[in-house]
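The values are calculated or read from the model by the stated rules, or taken from the named source; none is laboratory data. Only a predicted model underlies this, so the values are computations on that prediction, with no experimental measurement involved. Here the Cβ is made from the backbone with ideal geometry for all residues, glycine too, and neighbour counts use every protein chain on show.
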Amino acid sequence: MSQELERVYTINLGKVLLSVDTHRAPRAINMIKEFARHHMKTEEIKIEEDLAHQIWSKGVRSPPRKIRVRMSKTDEGYVLVSPYADEKESKDTSDKEVKKGKSSKDSKKDTPVKDVTTDTPIKEVKKETPIKEVKKETPIKKVKKETPIKKVKKETPIKEVKKETPAKVKKETPSKVKKKSK
């Protein structure tokens, strides 16, 4: 291999949560290695220390759910997995904005607002004008406290009505009990 092969992936580590909470961060490291073996087609994988720190940052029990990595295959034959830095993306997005020009929202802001009654443009206020200082007002006079409101007497509690219980039915016993004869 004369040139280095480099790719950027977002690895979903959601299945890490299925393992025991004390083994989640090591499982995340193993999942990254498995992912790299599968996609870069090599057995020797090395994880950069910064990526390991990123996974272990919240402790063993809560590694990140997703992680963005850069995998580069070196001339020595191993794959180096490192955290992805957004340097190239920020340049790409700024180029796209320059190519697009102003968006439709920006063009609406540039058009002057017209007064509906006279159809003349309203003067726009410049943002650079200094703000005038507000004069301090005199303190508010204290209001005299009113006399307290008379307390309402508590009403006597309503007596509970006893529920009528049905009369107990007496079991009829036979008046004549047969006695055993000898």
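Just to be sure, is residue 70 under 27 Å from the mean Cα position of the chain (by Cα), modelled with pLDDT of 95 or more and assigned to a loop (DSSP other than H, G, I, E, B)? Considered against the rule, which asks whether it is under 27 Å from the mean Cα position of the chain (by Cα), modelled with pLDDT of 95 or more and assigned to a loop (DSSP other than H, G, I, E, B), residue 70 comes out as no. For region 15-26, the count of residues that are under 15 Å from residue 82 (Cα atoms) and over 20 Å from the mean Cα position of the chain (by Cα) is zero. Taking the stated definitions as given, is residue 7 touching a Ser or Thr at 6+ places or on another chain (Cβ under 6 Å), closer than 19 Å to residue 85 by Cα and of a type outside the set (Phe, Trp, Tyr)? Spelling it out, it is not the case that residue 7 is touching a Ser or Thr at 6+ places or on another chain (Cβ under 6 Å), closer than 19 Å to residue 85 by Cα and of a type outside the set (Phe, Trp, Tyr).
If you go through region 1-57 and keep only what is among the aliphatic types (A, V, I, L, M), assigned to a helix (DSSP H, G or I) and buried (at least 17 other Cβ atoms within 10 Å of the Cβ), you end up with 16, 25, 28, 29, 31, 32, 36, 40, 51, 55.
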